[in-house]
1. When the range 188-226 is examined, which residues are found to be closer than 24 Å to L159 by Cβ and in contact (Cβ under 8 Å) with a residue 40 or more places away in the chain?
2. Select from the range 243-288 the residues that are in contact with a Pro (Cβ under 7 Å, 6 or more places away or on another chain), open to solvent by less than 40 Å² (accessible area, probe 1.4 Å) and part of a strand (DSSP E or B) and list them in ascending order.
3. State which residue is nearest to E139 (Cα to Cα) when the search covers only the range 86-127 and only residues that are open to solvent by less than 90 Å² (accessible area, probe 1.4 Å) and of a type in the set (D, E, K, R).
4. Kindly list, by first and then second residue, each pair from a residue in the range 107-126 that is within 11 Å of E95 (Cα to Cα) to a residue that is among the acidic types (D, E), limited to pairs with Cβ atoms under 9 Å and residues at least 6 apart or on different chains.
5. Starting from the range 272-283, take each residue that is acidic (D, E) and list its partners that are open to solvent by 60 Å² or more (accessible area, probe 1.4 Å), counting only C-beta distances under 6 angstrom and pairs at least six apart or across chains.
6. Here are the criteria: (1) surrounded by 15 or more Cβ atoms within 10 Å (Cβ to Cβ); (2) not in a loop (DSSP other than H, G, I, E, B). Tell me which single one K142 does not satisfy.
Amino acid sequence: MSLTGRLALSMALVALLVAGLSGLLAYRAASEHLERAFALGLGPSNPLAPRPGLRERRILQELRSSVAVSSGAALLLGTGAGLFLALGLVRPLRELARTAEAYRRGDRTRRAQVQGQDEVAALAQSFNQLLEELARKEEEEKRLLADIAHDLRTPLTVLRGDLEALEDGLLPCTPEHLRRLQEEVRLLARLVEELRLLTLAESGGLRLTPEPLDPQNLVRGVLEGYAGQAAAKGVALQVLGSAPPLLADREALKRVLHNLLDNALRYTPPGGRVEVSLETQGGEVRLAVRDTGPGLKPGEEEQVFQRFYRGDPARSRGGSGLGLAIAKSLVEAMGGRVRAGNHPEGGAWFALWLPRAGGVYAPFTTEA
């Protein structure tokens, strides 16, 4: 039976039950009153009082008929009212079902049209918001697949062309050519590994082991690995400030710093500098990486953390386009937060906040 039928039948049964019960109680009360009246009328002080019989039975019969008529009327009224209310309740639900079916068939633009301020209208509003979120996620997945295909196409094309040239004898098999092929293979392997890491971080599948870490020693250790690269480019590396131990996964935090420093060194011109500053802010430790490159355009503060984001060509040279997205996911997986912007003195500025070791803090929660 449909929901409309069940609601109408429920209302009819309730009305019938109420009418029947009230009629039965009225009948019993009237019957008792009549019996007492006739009993009093039969006393010795009233020898002419009527005897109980046909008149009593007629009165009781009329009462039973009235109860039956009122019960039938209550049944009809209850059925009609139940059907009317059921149709009003089911109509928006049917609209939701039709909208869901349209979405399943590929219509991503239809939304449920439900009026009112009741719970069903709130459900329809939440349902429409869910459809908006699903459509947005679908578009993001499409863009992600297109970006992956784009980033894989170039190294695969180079590999295929060089291998075919080697096979046909058009390209000599020299160490230099083999090194170039190996570089393309390493680029592909790095892209695949970064995609795997990003997927695990966003889905909560990473196994992180938070521990107290000394941020000064960790930052200096990471910067030592960039000393040669920075010197060759003529870029100065600096560490400013200090902070107490923080709580984080060692390898994940090192990966975040590597990604931020790779990004900073890539866009810092010769003669510039890259600064890593440390400070305490309440129950958190802030690490900030600043470069002296071209900086970010207005509105890019959030976009730079998107996967494969392509912004200003001045800030899109090299790299896989996943470094900042991975950094953001790892920081949030460790209960922290990350922000980007432009420094007042020029250049881009990336800061992350992580909880202090042993301190009382409120874990940061990302919004859907």
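The values are calculated or read from the model by the stated rules, or taken from the named source; none is laboratory data. Fair warning: this is a prediction, and the values are worked out from it, not measured in the lab. Note: ideal-geometry Cβ built from the backbone for every residue, glycine included; neighbour counts use all protein chains shown. Surface accessibility is based on the protein's heavy atoms, side chains included, excluding ligands, DNA and RNA. Shrake-Rupley method; radii C 1.70, N 1.55, O 1.52, S 1.80 Å.
1. Within the range 188-226, R190, L191, E194, L195, L197, L198 meet the criteria.
2. Within the range 243-288, L246, A248, L278, E284, V285, L287 qualify.
3. Checking each candidate, the answer is R108.
4. Every condition considered, the pairs that remain are R111/E132; A112/E95; Q113/E95; V114/E95; A124/E95.
5. Pairs found: E275/Q238; E275/L240.
6. (1)
The rows are residues; the columns are (1) modelled with pLDDT under 90; (2) of a type outside the set (V, I, T).
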residue	(1), (2)
F308	yes, yes
G318	yes, yes
A325	yes, yes
A333	yes, yes
V338	no, no
G341	no, yes
F350	no, yes
G358	yes, yes
F364	yes, yes
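Per-residue answers, yes or no, for (1) under 43 Å from the mean Cα position of the chain (by Cα); (2) at pLDDT 85 or above:
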| site | (1), (2) |
| --- | --- |
| L152 | yes, no |
| L156 | yes, no |
| D162 | no, no |
| E184 | yes, no |
| P212 | yes, yes |
| V219 | yes, yes |
| Y226 | yes, yes |
